[in-house]
Structure formats: structure tokens, C-alpha cells
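The values are calculated or read from the model by the stated rules, or taken from the named source; none is laboratory data. Bear in mind the structure is a predicted one, so any value in this text is a computation, not a measurement. A quick note on method: Cβ atoms are made from the backbone with ideal geometry, for glycine too, and the neighbour counts reach across all protein chains shown. In case anyone asks, the SASA skips ligands and DNA or RNA and just uses the protein heavy atoms, side chains included. Shrake-Rupley method; radii C 1.70, N 1.55, O 1.52, S 1.80 Å.
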Amino acid sequence: MEQYEPDRLSGAQLAAMRRSLTSGRGALTRRSMLRATGVGALTIGGLAGLSGCGIPPAKREGDGPASTDHSADEKRVVFSNWTEYMDVSEDEKHYPTLEAFTKRTGISVKYTADINDNVEFFGKIQPQLAAGQDTGRDLICVTDWLAARMIRLGYAQKLDPSRLPHAFANLSDQFRSPDWDPGRAHSYPWTGIPTVIAYNAKATGGRTVDSVSQLLDDPRLKGRVAFLSEMRDSIGMTLLDLGKDPGSFTDDDFDAAIARIQKAVDKKQIRRFTGNDYTADLDKGDIAACVAWAGDIVQLQHDNPDIKFAIPRSGYIISSDNLLVPAKARHKTNAEKLIDHYYQPPVAAQLAAYINYVCPVDGVRAELTKIDKSMADNTLILPDAAMAAASHAFRSLSAEEETAYEQKFAKLIGA
């Protein structure tokens, strides 16, 4: 029997949300800051705006209830996604891959980049989901831990494999069966998000930094090391360095990882805990080496050849952002067709070339080479077999574990 998950967030979870909003993956990306765009809510096909209402939250269990599907009569789909997570035309007025979908299928898309943080977004849609009502969205993109929660609560509909032939055939083995959605019954990944070690070769004097132990212990890096303020990334990488599996660790293992990082904090080895605001300091060399997100490193490398990355021999953490059809969505079939659209290699390559995260679609290399060979050769976008095999997912947490672990981590980083 599934344990009850409270509607209200603990203090530790709220603190983690604030960190994500101000400096984590929920903050502006480097690409956002450089381009300073305002493409938050373009409409493809002229669909009306999103709906919403304030219904007191409750809890559901089991698969999300099948809604009456109006896809055949209403050729449209509403898609909510993160900012800077879709290919945009040079004039920033069009979404080419979405327009190609509309042209091919006749299904118009209302695309809105209204997800800034997982917890904040869940707060927007949970009242309708808990009340068994349509959220006004047919397709959403959320990070794996929230996708897991929504599936457990019965807030996501089971997908129809017959409408996902490209997705079923082309999904990379690396992402095929997470512990929170075996066989991808309810979800498909939009992107993979590797957590790796990054370093500025000029700042390290040409030395390679390729292990968490170096970050925590090498006196030549003292005061010039950063870890991420996202618990799953920093703790996960440290668990791997300790020889523990992030997919099956115990409370004692978690405490050992906390103690390992605390020792480095006490001796001032670690300069600070950061969100993606580490990029400027790494670029300048004020931070010599850090735990980092691969998408940031790909973008930094465009401008600074001294920025390098390394995959520790112990492995690295991989998470994912995932497409779900919410319970009671009005256009489920159309949403499934849109998911499948992005698992066609030419479309997947066009998206990967823009967003620079791991592409979860097999068969993309040849298509991406046509666009940019350097991206096709970049294992942070298209992992080779060895890199894929070195990836580890942080296991799903119960509500009680998440609260306890976030409290310990918040104390560690001084949040």
C-alpha cells in the first residue's frame, strides 16, 4: 500500500524549492541571460489560453482516470514546458518542430513555457488534479521525482503504446525503465540531465579533475570548489565516490555522504554550494572545479576552450525531464501523437541541437551530424555506450525520506 503523501510541503522542501527558483535549474539558464528572450507563450494554431481554478487539494490513488477524449473533434493540444526547452526560429517568433507537427497532422499546439520550478508548477495544477478536474493542459514536462509523485498519486494517465510507435522503438536503453515508471507506462523523457565534474583547465594549471575525491580533498583546489545546491546531484555523486549505489542506498549511506561533504566544508575546501550560477565563476576561473550540469558545460565550451568535463570512474548521476498526460486531459490522443513526433530522429536532432541536453532518442547521430557535427560528437548530448553505462539514477524517495534528507542537506549547505 502506498504511503500517504501530504499536500503541504515541509520547511525543508520549501527551502529546496526556493533554492531551485533563485539559483538552481528553475532559474534563468545561461542561454536565457545571453539571449534575453521573451518567448514565453507563443501560440501555434491559435488555441485559447489555459484554464485554472482554486479547488482544495485532496489525494487520489492508482492510474489517472481516463478522460473523455475529444481529440478526434478538437484538433489541438495544450503543452506546458520549461523555459528555453524548445527550438526557436532565428527571429524568435516560431517553434519550427511544433509547426512541422501541426503541418503534418493538422493538430494545433498551444505551447507555453510556464514551468519555472517543479514544486511551484505542481502547486498550480494539484487542486484540479485532486478534484478530478481537467487542468487545461494535455501534456506537461516535469523532472523525474515529480513525475514519480504524480504517477503514485494517480495524476497521470497511462499511455497507449499503439499511438507511440517511434517512441517505443527509439527510446534509448538508458532511459527505458526507471524505478518510478517501469516500462515507461505513463511517461517518456524529453531530455536527460547528466551531473558531471567540470573544471577550468587554466585554473587547475592544466591538471585534470575527474573524481569527487579530488574535489573534496585536493589541497591545490582548496577554496575553489563548488558543489550543487540540489540534494540529489551533490549527494548522488558523493555516494558513487563512496562506492554506494544511488539507486539503492540506505539512511546510513546518506549520512556517510553528508559527513564526507561536511568534512570538506569544515576545512574550507568547498567555496560554496550553487545553482547554475557557478557558470560565471567557472568561466573566469574563480571556481577551478565543481559538480556541474552538462547542459551548462556544453554552452560554456562554445566560448571558452579551457572549460572541460570529466566522468568519474565511479560513475555519474543522470536525471530526466519527462512528458506526462495529466489525468482528465481533454486531448490525450493528440498529446500522444505529439510525444511520438519528438521521437522521430530528424525532429529529435533539431531539438537536441538547440537545447544541448542529452537526447533520449536512438538513431539521432546521423541527423544531428547534418546540423552540427561537433554536437553529434559531444557525449554530453549523445552519450556513447561507455558513458551511458556509467550513469546512475537517484532512487525514488518516500515523502518521509525526502523531508528528512532535505533537512540534513539544508543544514549542510547552510540554507
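Quick look at the values:
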{"item": "Rounded FRET efficiency, nearest 0.05, which uses the C-beta distance separating residue 267 from residue 173 and R0 of 35 Å", "result": "0.30"}
{"item": "C-alpha center-to-center spacing [the stretch 336-415, the stretch 309-327] in angstrom", "result": "5 Å"}
{"item": "Alpha-carbon Debye profile of the stretch 246-311, log10 I(q)/I(0) at 0.21, 0.22, 0.23, 0.26 Å⁻¹", "result": "-0.93, -0.97, -1.01, -1.11"}
{"item": "Euclidean distance between Cα centres, the stretch 209-257 to the stretch 268-294, Å", "result": "15 Å"}
{"item": "Cβ-derived FRET efficiency at R0 22 Å, residue 386 paired with residue 242, nearest 0.05", "result": "0.50"}
{"item": "Neighbourhood charge, 15 Å Cβ-Cβ cut-off, centred on residue 346 and excluding it, Lys, Arg +1 and Asp, Glu -1", "result": "-2"}
{"item": "Of all accessible heavy-atom area on the stretch 239-300, the percent that carbon and sulfur account for (1.4 Å)", "result": "45 percent"}
{"item": "Estimated vicinal HN-Hα couplings, Hz - the stretch 336-345 in sequence order (Karplus 6.51, -1.76, 1.60; Gly, Pro = x)", "result": "5, 5, 5, 4, 5, 3, 7, 9, 7, x"}
{"item": "Net charge of neighbours whose Cβ lies under 13 Å from the Cβ of residue 177, counting Lys and Arg as +1 and Asp and Glu as -1", "result": "-2"}
{"item": "Lys, Arg +1 and Asp, Glu -1 on Cβ, resulting dipole of the stretch 250-360 about Cα centre, debye, nearest 20", "result": "140 debye"}
{"item": "Calculated from backbone phi, Karplus (6.51, -1.76, 1.60) coupling profile of the stretch 251-263 in Hz, x at Gly/Pro", "result": "4, 5, 4, 4, 4, 5, 5, 4, 5, 4, 6, 4, 4"}
{"item": "Kirkwood hydrodynamic radius over Cα pairs of the stretch 304-350, then Stokes diffusion coefficient at 20 °C and 1.002 mPa s, in µm²/s", "result": "147 µm²/s"}
